[in-house]
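Worksheet for the structure shown next.
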Amino acid sequence: MCDACGCAADLERMSGAEQVKARSNRLRGTIGDELLEETAVFSDDAGVILKFHGVYQQDDRDLRKQARKLGLDKHHMMMIRTRIPGGMVSPEAYLAHDRIAGAWGNGTLRVTTRQDLQLHGVLKGNLKQAIRAINDGLLTTLGGCGDQERNIMCCPAPWNDRLHHEINLTLAALVSGLTPTTRAYSEIWLDGELAASNHPDPPDTLYGERYLPRKFKTAIAIDGDNCVDIYANDLGLVAHAGDDGRLAGFDLLVGGGLGRTANKPSTWPAVAQQLAFVQPQQAVETARAVVAVQRDYGDRADRRHARLKYLVADRGIDWFRAEVASRLPFALEPSRRLRWGPADDHLGWHAQGDVNHCYGLFVENGRIHDTETSGLRSALREIAETLRAQLRLTPQQNILFTNLSDGDRTTLTAILDRWGVERSESLPSAIRHSMACPAYPTCGLAVAESERVMPALIREIALVQREAGVAETRISYRMTGCPNGCTRPYLGDVGFVGTTLGKYDVYLGGDTEGTRLNERYMHNVKLEEIPHLLRGPMFEYARTQLPGESFGDWCKRQGVAQLADRHALVEVTA
Ligand code: SRM
Ligand code: SF4
């Protein structure tokens with residue numbers, strides 16, 4: 001029996017995180033008290049609960065060695081993740097993040113692969129002001145991380161039609177239906193004692209006292225365009241349009257997830273499987289039922305086996321469907337056939353379907369900063385200030401500026417040019433379709449570099465593509481500094497997964513629709529050898545591809561293992 005919350009769970013058998021959650025009094029823990037202490041870091045238990053509030057404790061790993069030498073403590077700092085459903089950011093909210101990055105962060109912002117904004121390098125003493133400032137911009141960090149529903153992704157295309165309007169309504173309803181009801185967040189960060197005394201927590205029929213066994217991710221795609229990588233999610237909703245162009249319903253997929261642990265074959269990446277079709281008005285209730293099944297049956301003893309994908313694999317999709325159905329007052333309909341084209345990155349100029357336009361700007365690895373050659377951060381600030389453009393963050397770490405008039409188009413282009421920001425249209429295809437995770441120096445789980453080495457690597461790879469005669473071909477490259485899969489490397493045409501400092505497993509054979517896992521081509525390749533390693537397959541692809549065949553599909557057709565046999569040790573010249 002759990003003495004923390006009084007439920008029937010045997011807490012002794014559960015992971016440490018479960019015990020901390022149960023004792024946390026609906027996500028309060030000791031955060032409030034520890035904020036008052038003049039320490040650089042929170043206790044471990046408070047760190048577990050902080051994640052639910054969108055905050056990770058990190059340290060600058062570049063400074064670790066030096067600090068150790070000098071007998072000093074690590075350089076502790078916080079990462080704040082703002083939850084941004086569908087990546088929709090007002091100019092005011094963007095400017096608030098920009099100000100926080102300058103005043104209390106490391107001077108950079110980061111667009112994440114789940115359409116959020118992250119701020120790195122915030123010291124504990126500045127955390128409360130930073131979170132307040134984010135809320136003043138009408139966004140929240142609650143749900144940025146932690147064992148709960150994370151940011152709900154949605155295709156960011158700002159098309160002004162009935163279908164997209166109805167999908168956005170469902171997105172908003174899902175967000176409110178899947179957000180915990182605790183008042184801990186406003187109590188700790190916003191209203192203080194006032195909230196505590198005036199408004200007791202409403203009951204939380206979805207999360208109870210112990211929340212979920214693990215993080216839970218949901219995304220909405222629109223039939224035909226899998227730009228959100230729906231198959232990587234615990235729960236995916238694919239919106240279908242009816243003959244009248246209105247939202248006809250959603251196909252639900254469950255059990256996707258990419259995290260794995262090196263040398264632990266009991267952990268694996270998985271693509272989501274089809275569950276059922278539901279009417280638009282049934283989507284939220286069904287999503288809550290899916291979350292509830294994971295809440296009740298997910299593994300709370302072993303966090304490496306706690307994601308929904310393992311429950312679906314262990315019990316089977318038919319059991320899972322029956323369990324979800326048993327919690328609903330309506331019948332689930334059979335899944336429909338899904339048809340995907342190549343995922344759209346939405347970059348460049350597009351008409352929105354009204355009088356306005358939108359522009360998709362490539363942001364290399366999602367990092368917004370000023371460098372010697374490009375004033376990206378300054379340009380974005382000026383665009384937000386002068387054009388008041390609504391922003392949409394994309395699942396590929398990029399930004400769309402929306403609702404632009406003809407005049408705004410000219411101004412936006414002039415601002416980008418003046419700050420030396422390269423336009424998406426002129427980028428080599430390899431760069432445009434690349435992503436890398438933060439890894440060093442902020443990510444505590446990184447075993448190899450990612451964001452800091454990808455820019456040089458991808459430019460070399462772009463040259464290989466050019467030499468092979470396929471410069472314009474769309475091939476996606478995704479890099480991570482460990483096997484956790486934060487840029488979804490197992491779904492790219494090509495994936496680089498860090499194994500140790502300076503080395504990567506290279507994966508080939510994903511598809512441009514994002515429906516298939518790629519396969520490991522080579523183990524432990526040195527960073528500097530990667531471009532050479534890709535030359536063999538790239539040149540052969542250029543010679544023998546079928547009309548319209550993507551690089552990933554070609555690799556799959558050849559067989560990744562056979563390609564490795566053919567090319568691993570062979571010199572290839574143009
Ligand atoms: Fe991730 C943990 C960054 C998307 C799988 N991820 C982390 C942490 C928080 C490291 C940690 O736990 O201490 C990283 C913070 C690094 C830093 O310094 O900022 C981190 N993940 C990111 C971001 C920022 C990468 C990016 O380049 O944008 C993405 C933030 C998304 C967001 O806004 O919520 C990010 N992470 C993903 C994705 C992609 C997705 O969700 O579409 C995945 C694979 C899908 C999945 O969840 O299966 C992903 N991150 C993980 C995992 C492995 C989970 C698992 O089931 O094993 C971890 C480690 C963990 O949870 O234990 C992790
Ligand atoms: Fe960190 Fe690994 Fe995620 Fe990269 S993939 S951000 S190294 S957890």
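Every read-out reported here was derived from the displayed coordinates using simple, explicitly stated rules and does not represent laboratory data. Model, not experiment: these values are computed from the prediction. Because the Cβ atoms are built from the backbone with ideal geometry, glycine has one as well, and the counts that use them run over all protein chains shown.
Inverting the pair-averaged 1/r between distinct Cα atoms of the chain gives 24.6 Å as its Kirkwood hydrodynamic radius. Residue by residue, segment 491-497 carries 3J(HN,Hα) couplings of 10, x, 4, 10, x, 10, 10 Hz when phi is fed to the Karplus relation 6.51 cos²θ - 1.76 cosθ + 1.60 (θ = phi - 60°); x denotes Gly or Pro. Extension gain for the segment residue 129 to residue 337, taken as residue separation times 0.36 nm less the Cα-Cα distance, is 70.0 nm to one decimal.
Of the options 160, 497, 405, report the single residue whose Cα projects farthest towards the positive end of the charge dipole of the chain (beta-carbon charges: Lys, Arg +1; Asp, Glu -1). It is 497, whose Cα lies furthest towards the positive end. Based on Cα contacts under 8 Å between residues 6+ apart, the chain shows a relative contact order of 12 percent. Positive end of the dipole of segment 77-145 (Cβ unit charges, origin at the Cα centre): among 88, 142, 115, the Cα lying farthest that way belongs to 142. Other residues within the sphere of radius under 13 Å centred on the Cβ of residue 315, judged by their own Cβ, net out at -3 (K and R +1, D and E -1). The H on the amide N of residue 434, modeled in the peptide plane, is under 5 Å from the matching H of 477, each at least 5 residues off or on a different chain.
Assuming charge only on the beta carbon of Lys and Arg (+1) and of Asp and Glu (-1), the dipole of the chain about its Cα centre is about 980 debye to the nearest 20. Debye-formula intensities of segment 307-384, expressed as log10 I(q)/I(0) at q = 0.12, 0.18, 0.26 Å⁻¹, are -0.74, -0.88, -1.29 (one equal scatterer per alpha-carbon, no solvent).
The H on the amide N of residue 261, modeled in the peptide plane, is under 5 Å from the matching H of 267, each at least 5 residues off or on a different chain. Across segment 405-489, the mean sequence separation of Cα contacts (distance under 8 Å, 6 or more residues apart), normalised by length, yields a relative contact order of 33 percent. Amide H contacts for residue 108 (H built 1.01 Å from N in the peptide plane; partners 5 or more residues away or on another chain; cut-off under 5 Å): 120. Counting only Cα atoms, segment 352-452 measures 48, 30, 25 Å along its principal axes, largest extent leading. Gain on full extension, evaluated as 0.36 nm per residue between residue 561 and residue 181 minus their Cα-Cα distance, stands at 131.8 nm.
I want the local charge near residue 221. Using Cβ-Cβ distances under 10 Å, sum +1 for each Lys or Arg and -1 for each Asp or Glu among the other residues. After counting each charged neighbour, the total is -4.
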